[in-house]
Amino acid sequence: MTRGRGRPTVAVFDEATRARFLDEVAGGKYLGEAAQAVGIDRRLPNYHAGRDAQFARALEDAKARGKKARDEEKDHGEYRYNILGCRCPRCTAAASTARTGRRHAADTPAAEEEAPPVAAVPAIQEPAASSSPTPFSLRGLPSSPGRAAA
């Protein structure tokens, strides 16, 4: 059944759809991906969050849990050590190894790395003097429509 020009009478973003959407976001999906998985427009959750404070709080909580889930999926290494603050033994060792490698690369003598030769810049030649007059002359033009040139 429809109400006016083909609009569905069932609620598009009912409680069950909201719960599925929040579960998708908390699982690590971005808002657009979660909306597509549930089958709603990507702007609809933000619309409802602006009008329903309880849903807005639930959405913020789901976003925080989703970010944490995405961060947990990242491999242990220098990125997790520097950006995410992970101090597990694997991340600490990876960051230490990468730092040591960069220090040794900076300590190598510069003689091994020769700068490429600088190419000579060709001299700019002056254009040849032409015997033709300037494209137009201002001397012969009248200064205004009613006056003659002086």
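The values are calculated or read from the model by the stated rules, or taken from the named source; none is laboratory data. This one's a predicted model, so the numbers in the text were calculated from it and none came from an experiment. Note: ideal-geometry Cβ built from the backbone for every residue, glycine included; neighbour counts use all protein chains shown. The accessibility values were calculated without ligands, DNA or RNA, using every heavy atom of the protein model including side chains. Shrake-Rupley method; radii C 1.70, N 1.55, O 1.52, S 1.80 Å.
Which members of the range 19-63 meet the condition of being more than 22 Å from GLU73 (Cα to Cα) and aromatic (Phe, Trp, Tyr)? Of everything in the range 19-63, those that are more than 22 Å from GLU73 (Cα to Cα) and aromatic (Phe, Trp, Tyr) turn out to be TYR47, PHE55.
In the range 1-24, how many residues are open to solvent by less than 70 Å² (accessible area, probe 1.4 Å), modelled with pLDDT of 70 or more and assigned to a loop (DSSP other than H, G, I, E, B)? Here the count works out to 2. Screening TYR47, TYR30 for residues that are farther than 13 Å from LYS63 by Cα and free of Cβ contacts under 8 Å to residues at least 60 places away in the same chain leaves exactly one candidate, TYR47. Consider the range 46-66 and keep the residues that are touching a helix residue (DSSP H, G or I) at 6+ places or on another chain (Cβ under 9 Å) and among the small types (Gly, Ala, Ser). The one that is surrounded by the fewest Cβ atoms within 10 Å (Cβ to Cβ) is GLY50. Find all pairs meeting these conditions: Cβ atoms under 8 angstrom apart; at least six residues apart or on different chains; first residue within the range 85-106 and closer than 18 Å to ASP75 by Cβ; second residue surrounded by 10 or more Cβ atoms within 10 Å (Cβ to Cβ) and among the acidic types (Asp, Glu). Final answer for the pair search is CYS91/GLU78; ALA94/GLU78; ALA95/GLU78; ALA98/GLU78.
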